[in-house]
Amino acid sequence: PQVLWQCSRRGLPFRLFRWIDPRDKFLASIPGAEQALRKVVHLADTLGVPIPDYLLSHTYGVEEGETYESFKQMMLAKLYDLPEGICETYIHPAAEDEHMSALVPSWEKRVWEYKLMQGDDFAYALRDAKVALATYDDVRKYRKKPRLKSAAVLLRSLMTRQK
């Protein structure tokens, strides 16, 4: 609540997401995530804090049997199957070096993310899938919800008993 209050006071959007895409294996697998998210989203809306629509996640480390090629194909496929709205995904690209590989358990995935951004396939897929890149200015402009209606929804959700 405190960070949302501060964002509201400063007119800033917040890096949260409104909905969980059921195709997102990681987020959709978290028990109770949807219910907890709803309350936070209602609070953000009540305070007038704009947030993106979706976060498209992927595992931080290399999964068993995962290769660079399978990771790249998964990331490219997301571009062709985005849910409607402003979607965010993330990468932590890093060039391979001894220091990082000694300190970061998921160093290999970071190198893959760097390689993905350096290659032509990702840029091509962005254009081919007609993905429009957005910034948090776009979130601020297009994702603010009516505050009074949001306050009523928040109050109703807080008063409803959990089943």
- Message: List the helices (runs of 4 or more DSSP H) inside the stretch 1-63, counting only whole elements, that have at least 1 residues being at pLDDT 90 or above and charged (D, E, K, R).
- Response: 2-10, 33-46
- Conditions (1) farther than 25 Å from R10 by Cβ; (2) open to solvent by 70 Å² or more (accessible area, probe 1.4 Å); (3) under 17 Å from the mean Cα position of the chain (by Cα); (4) in contact (Cβ under 8 Å) with a residue 12 or more places away in the chain; number of the one not met by Y142: (1)
- Task: Out of the residues in the stretch 10-33 that are open to solvent by 40 Å² or more (accessible area, probe 1.4 Å) and touching a Leu at 6+ places or on another chain (Cβ under 9 Å), state the one that is nearest to I91 (Cα to Cα).
- Result: R15
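If a residue must be under 25 Å from W19 (Cβ atoms) and either in contact (Cβ under 8 Å) with a residue 40 or more places away in the chain or open to solvent by less than 50 Å² (accessible area, probe 1.4 Å) (or both), how many such residues does the stretch 61-89 contain? Working first, answer last.
In the first step, residues of the stretch 61-89 are kept if they are under 25 Å from W19 (Cβ atoms); the result is 63, 71, 73-89.
Filter once more, keeping what is either in contact (Cβ under 8 Å) with a residue 40 or more places away in the chain or open to solvent by less than 50 Å² (accessible area, probe 1.4 Å) (or both): 71, 75-76, 78-83, 85-88.
Selection size over the stretch 61-89: 13.
Right, P83: farther than 22 Å from A152 by Cα and under 13 Å from the mean Cα position of the chain (by Cα) or not?
For P83, the condition - farther than 22 Å from A152 by Cα and under 13 Å from the mean Cα position of the chain (by Cα) - is met.
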- Exactly one of (1) out of contact with any Lys or Arg (no Cβ under 9 Å at 6 or more places or on another chain); (2) under 24 Å from A134 (Cβ atoms); (3) assigned to a loop (DSSP other than H, G, I, E, B) is unmet by L76. Its number? (3)
- Item | Counted residues, the stretch 124-148 - those being among the aromatic types (F, W, Y) and modelled with pLDDT under 95 | 2
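Would you pick out the residues in the stretch 122-135 that are within 17 Å of A77 (Cβ to Cβ) and either surrounded by 13 or more Cβ atoms within 10 Å (Cβ to Cβ) or not acidic (D, E) (or both)?
The initial filter retains those residues of the stretch 122-135 that are within 17 Å of A77 (Cβ to Cβ), namely 122-131.
Those that are within 17 Å of A77 (Cβ to Cβ) and either surrounded by 13 or more Cβ atoms within 10 Å (Cβ to Cβ) or not acidic (D, E) (or both): F122, A123, Y124, A125, L126, R127, A129, K130, V131.
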- Query: What are the residues in the stretch 43-60 that are farther than 18 Å from G85 by Cα, over 13 Å from the mean Cα position of the chain (by Cα) and buried (at least 17 other Cβ atoms within 10 Å of the Cβ), if any?
  - Reply: L43, T46, L47
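Might you check whether a residue that is β-branched (V, I, T), at pLDDT 95 or above and either more than 12 Å from L56 (Cβ to Cβ) or crowded, with 17+ Cβ neighbours inside 10 Å (or both) occurs anywhere in the stretch 98-109? Steps first, please.
Keep residues of the stretch 98-109 that are β-branched (V, I, T), which gives 104.
Filter once more, so that each one left must be at pLDDT 95 or above: none.
The answer is no, given that none of the residues of the stretch 98-109 is β-branched (V, I, T), at pLDDT 95 or above and either more than 12 Å from L56 (Cβ to Cβ) or crowded, with 17+ Cβ neighbours inside 10 Å (or both).
The values are calculated or read from the model by the stated rules, or taken from the named source; none is laboratory data. Since the model is a prediction, treat every value here as computed from it, not as a measurement. All Cβ positions, even for glycine, are placed from backbone atoms using ideal geometry, and neighbour counts span all protein chains on display. The area values use the complete protein model at the heavy-atom level, side chains included, leaving out ligands, DNA and RNA. Shrake-Rupley method; radii C 1.70, N 1.55, O 1.52, S 1.80 Å.
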